[in-house]
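Read-outs: derived from the displayed coordinates by stated rules, not from any lab. Computed from a predicted model, the values in this text were never measured in an experiment. Positions of Cβ are backbone-derived with ideal geometry, glycine not excepted, and every protein chain shown enters the neighbour counts.
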Amino acid sequence: MTDRAVAVVRAGALTTVQDLGRAGHAHLGVPRSGALDAGAAQLVNRLVGNAEDAAVLETTVDGCAVRPRCAVTVAVGGAPGPVTVDGRPVAWGTAVRVAAGALLDVGPAVRGLRGYVAFGGGVAVEPVLGSRSTDLLSGLGPAPLTVGTVLPLGAEPAARVAVDAPPWPGPPDELVLRVRLGPRHDWFSPAALETLATRAYRVSPSSNRIGLRTEGPPLERTVTGELPSEGMVLGAVQVPPDGRPVVFLADHPTTGGYPVVAVVREDDLAAAAQAVPGTAVRFLPVRTASR
C-alpha cells in the first residue's frame, strides 16, 4: 500500500469523505451529496493548494484524529475548534505541515457543527459517478470513517497560492433562510403561509445530512389528500404530517410525497449546515430566488 495515505485513529461522531458532489444524476435517483458547507470545503482546499473540488473530510460535532503515513500539508476549517499535532496546538484555518507518523487531532467544534479537513493532494478514494462523496441516503461512495480506515491521498501540489485573511462567516446565531413559494404552497392555508413567514422555528436535534428538521408551530394544510411522489430539489421545504418544515440538504431523496411549501435559496444552505440544535430559524420570503 502506498505511503501517501492517512489512517483513522478516532473517527468521531460522523466523519465522511466529501467533495462538491455528484450533480446531474437525480434522474437516476441519486442525490447530489457533497460537502454541506461547500464554501468551507473549498477554502481549506485552497489553503493547501488543491483544486476546490478535491475530496476532504467532513467532521460532525466532535472532530476526528488521523495519522498520516507521509509528510503532508493540512488545513482545518468550517466549524472552529482546537487542532493539535502530537498534542501541541496548531493554527485553525491555515495550512500546517504534519510529519509522517504524527497524530493530527481535530477537536470538538466550539461553534457550529461541521469541520473540514483538507490534505495536500486530496483524499483519493475511488470516485463513484464522478464524485468521491459519501452519500448517506443511497450508500454510494466510501463508508463513514471508522477506526483503522486508511484513506489514500493524491500527489501533493507543487505550489500553494497564498490566501490572505480568507473570509468565513462563522456559524449563525440565528438562521435566516430566504425562500420563494414552492410548487405546493396552495396546499396550505393563508394562515399557514403567514406562520411560515413570521414565526420563529428552532433547529431540531433530529437534523442530519438529509434534512434540517425544525421545531415550532405546525403549518395547516387545506388539501388533505395524498400527493403522488414528485421530484425534490436541494433546499426544498417539505412539510410532513406533523406540520413542521424540513429543509432538504445535500443527501436528500430525489423524490418525495409530502408537499413542498417553499424552496430555500441555495446560498443560505451552508449556514444551515452549521446551525446547531436549538438555533432559531426564520423563513424570509423573497420575490425571486437565485443562487
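List of remarks:
- Taking the helices alone, the chain has a mean residue ellipticity at 222 nm of -2500 deg cm²/dmol, built from -39,500 (n - 2.57) per DSSP H run of at least 4 residues and averaged over all its residues.
- Gaussian network model of the chain, Cα within-10 Å springs - most flexible of ASP105, ASP37, ASP242: ASP242
- Counted by Cβ distance under 15 Å from THR222, the other residues give a net charge of -2, where Lys and Arg count +1 and Asp and Glu count -1.
- Using C-alpha pairs under 8 Å with a sequence gap of at least 6, the mean separation divided by the residue count of the chain gives a relative contact order of 21 percent.
- Globularity ratio of the chain, using Cα Rg and 2.2 N^0.38 Å: 1.04
- Exposed loop sites are taken as GluC sites (Glu not before Pro) in a DSSP loop (any state but H, G, I, E or B) with at most 15 other beta carbon atoms within 10 Å; the longest stretch of the chain without one runs 53-219.
- Each residue of the range 11-26 is assigned a 3J(HN,Hα), and the resulting list reads 7, x, 4, 7, 10, 10, 8, 9, 10, 8, x, 10, 5, x, 10, 4 Hz, derived from the Karplus form 6.51 cos²θ - 1.76 cosθ + 1.60 (θ = phi - 60°), x at Gly and Pro.
- Summing Lys and Arg as +1 and Asp and Glu as -1 over all other residues whose Cβ lies under 15 Å from the Cβ of GLY12 gives a net charge of +1.
- Using only side-chain charges placed at the Cβ, +1 for Lys and Arg and -1 for Asp and Glu, the dipole size of the chain relative to its Cα centre rounds to 240 debye.
- Crossing angle, helix 38-48 versus the chain [Cα axis fit, 0-90 degrees, rounded to tens]: 10 degrees
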